[in-house]
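A quick write-up on the structure given underneath.
The values are calculated or read from the model by the stated rules, or taken from the named source; none is laboratory data. Please read these numbers as outputs of a predicted model, since none were measured by experiment. Ideal geometry is used to build each Cβ from the backbone, glycine not excepted, and the neighbour counts take in all protein chains shown. SASA here: full protein model, heavy atoms, side chains in, ligands and nucleic acids out. Shrake-Rupley method; radii C 1.70, N 1.55, O 1.52, S 1.80 Å.
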Amino acid sequence: MNPLTVCVVIDARDCVELPSAALLALKQQTFGEPFDVLVLAAPGKSNDWLDRLPPGVRAILSPSNDVLARLAALKECRADLILFMSADKVGGATWIERLSHELRDAEVAAVGGTTPTGCVLDREGVIQPTLQPDLDHLCFPGSNLVPIVDDWNCGFRVTALWEVGADLSPDFGDLMWRLSNAGFLIRPSARVQAFPIRTSGLPIPQLDTGLADRNGLTPRPLNIALISRAYPPNVNDGLATLTTNLAHSLVSRGHWVHVVTQAPREDEAEIVSDPEPTTTQVSYESGVWVHQLPTSDVARTAVAREVGMPQDRWNWSATALAEVNRIDQDQSVDVVEAPISRGQGIAVLQDGRFPLVTSLQTSLQLWINTSGRELSKKWWRNVGTPMLAVETQLLLKSNALRAISRAIKVEIATEYSVTLDDDRTVVAPLGMADIEKPAAEPVGATEPLAEPEVVILFVGRFENRKGIDVLLDSIPGILQRAPMARFVLIGADKPDAKKGNQTYREVYQAKPEFAACLDRVEFRGEVSDDERNEAIAAADLFVGPSRFESFGLVFVEAMRFGVPVIGCDAGGMPEVINAGVTGLVVPPGDREALADAVVELVTNPERRRLMSDAARRDFLLRFSLDAMAIQSEEIYQLAIHNYGS
């Protein structure tokens, strides 16, 4: 028996540009047979993007009326099944497979998702909810109720539509009645979901190979779940950036990627305008399915209770595992990756159903070593000691470990007294997308200077580990030696109990030696991603005097725009910065050495220019998304192999 042929119709009548995300979602489908794609565009609009459709994708200009638009698509359809989707919502990777499987039964004429208000239509035209999973018993001539599917998340047998006179049907509800009265079955299902498309700020992978070559970039695409509490736009820290870049690098290689992240919390209300969700929200962002979860209360396992793992940290890990299990029910998950921080992968490890990769960044012990905080006995009892035990479990029992630098591998092995063998541990530097350099904006100098102004940028949290105190201490001396310097400082600056509940800015602005510097130092606070990129692109020099960085991704961000960098000889920073070529490296905590390095580059424009060119070249050579994805594939295959051994 020959398989039924499929035509997918994308409603792009509201689009003013190529519906790239919707087309990418089709490229990612698990459906194993070729299928046609038909795009509906509105007449009278600017449809220049129609010329950029991938090979094999057809387009027609269709009426604004939904019924007439679907009829226009039906007349163009050359397949056995016709599936309808919107350009602003996409199904999961099994969407075509799920719909076509249901429609193999000749008695089934329509399959689709449920409408927002329900899935049963009465004679008055009102859609009602129902708790009954099987509605086949409603499909008969003369029934007072009829099942109804989501009109732009559904599929039909083409012969059934023509048989019941779909071309004569005045609305979608009438079409449901015609199918039911003819004895056909209509099957709405909550499992046929469509997820909203959202922009991520990263480019969508190119589709120049055409839909026929979907998933053709790798021998066997993997279905990968990345667990990370931090993910944009709710959180924009280093781990969020790492996860974003990793996810999109894997998509560009043809893999399926699900990011399982935490929904916005109440304390993030100022950052996220949407109300705190109480249910899981799934969206599709540049090829990545992003699952935002409210954290549930979950009973701890015996092992978690034994080590005393804090309930809130267990809750998130167990909540994430439950979502991975749900994803696995729809499409088998091949491997899970989670960061060591907060023991986010511990529930996956203890569950044992999935190969687990634990990524090594700044662990709890390394944070303790560099935070500069005085930690109470209560904190050690309730958080510190149990979480160090959890992290040790992950180090010893994960199927593979991703070390983002050689330094982090050595530091963690030493601090936790564990052996990180090469048969489980891979050193894989991070990468990021190469984006167009934003146009430089004037930074706001107020007085004309005898020499050209040199903008020095710091980006990071104002905390001891980031060395912001060292930088602020060095600024008066730097300005005495290099008055053309101007400092732009970006990052959260929260009150610190050790400083009398003052911020770093308040403490330093109150110092007498800082008074003469105030017009040369700009505190910008927290900024958006676009503002951050604009600031980096406009800088002449980037300074990050951290006492420790597991890798130092912020230096890569600067190098991406050809900005020379100054960091410290600690953690992964010397592995990112090619000292003397792309920037300079100084001892951590050394104010004088930092000042000397800054003055050296501020007063030597030719050396800055050479370092700028070298930084850009080094970024392209060592820190691309593709390089990170290729190494990640090796890590995942290693985890899968070790899991099966």
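As a fraction of the 1.4 Å probe accessible area of region 56-140, surface on carbon and sulfur atoms comes out at 52 percent. Given their separation in residues at 0.36 nm each and the Cα-Cα distance between them, R191 and T385 gain 65.6 nm when the chain is fully extended. Note on the chain: Kirkwood hydrodynamic radius from all Cα pairs is 27.3 Å, rounded to one decimal. Both the radius of gyration and Dmax for region 344-446 are 18.4, 62 Å, in that order, over alpha-carbon atoms. Accessible surface for the chain, divided over its residues, is 43 Å² per residue with a 1.4 Å probe. Once the chain from Q329 to D421 is taken as fully extended at 0.36 nm per residue, the excess over their C-alpha distance is 29.8 nm. For region 319-375, with equal point scatterers placed on the C-alpha atoms only and solvent neglected, what are the log10 I(q)/I(0) values from the Debye formula at q = 0.22, 0.26 1/Å, to two decimals? Log10 I(q)/I(0), no solvent term: -0.82, -1.02. Rounded to the nearest 0.05, what FRET efficiency do N501 and A579 give with R0 = 35 Å and r taken as the Cβ-Cβ distance? Could you check? Efficiency for this residue pair is about 0.35.
Give me the log10 of I(q) over I(0) for region 580-645 at q = 0.22, 0.27, 0.28 Å⁻¹, as the Debye formula computes it from C-alpha points; what are the numbers? Taken in order of the listed q values, log10 I(q)/I(0) reads -0.91, -1.07, -1.10.
Spin-label pair R353-S371: with each label point 7 Å from Cα along the Cα-Cβ axis, the two points sit 3.4 nm from one another.
Close amide H contacts of T115 (hydrogens built in the peptide plane, cut-off under 5 Å, sequence separation of 5 or more or a different chain): D150. When you count the other C-beta atoms within 10 angstrom of each residue and take the mean per peptide, 227-239, 33-45 line up highest first as 227-239, 33-45. For region 486-584, the direction-averaged projected area of the alpha-carbon convex hull comes to 7.3 nm². Under the shape rule built on the C-alpha gyration tensor, where the axes satisfy a ≥ b ≥ c, region 464-544 is oblate, since a/c reaches at least 1.5 while a/b does not exceed b/c. List nothing, just return the count: lysine pairs in the chain, 8 or more apart or interchain, with Cα separation under 16 Å. For the chain, qualifying lysine pairs total 4. Annotation for L621 and Q509: the two label points, set 7 Å from Cα along the Cα-Cβ direction, are 4.4 nm apart. Between E600 and N181, the modelled label-to-label distance comes to 8.6 nm, taking each label 7 Å out from Cα in the direction of the beta carbon. Working note: Karplus 6.51/-1.76/1.60 with θ = phi - 60° gives region 396-403 the couplings 7, 10, 4, 6, 7, 10, 9, 9 Hz, where Gly and Pro are set to x. For region 527-633, the gyration tensor built on C-alpha atoms gives a prolate shape. Its axis ratio a/c (a ≥ b ≥ c) is at least 1.5, and a/b is the larger of a/b and b/c.
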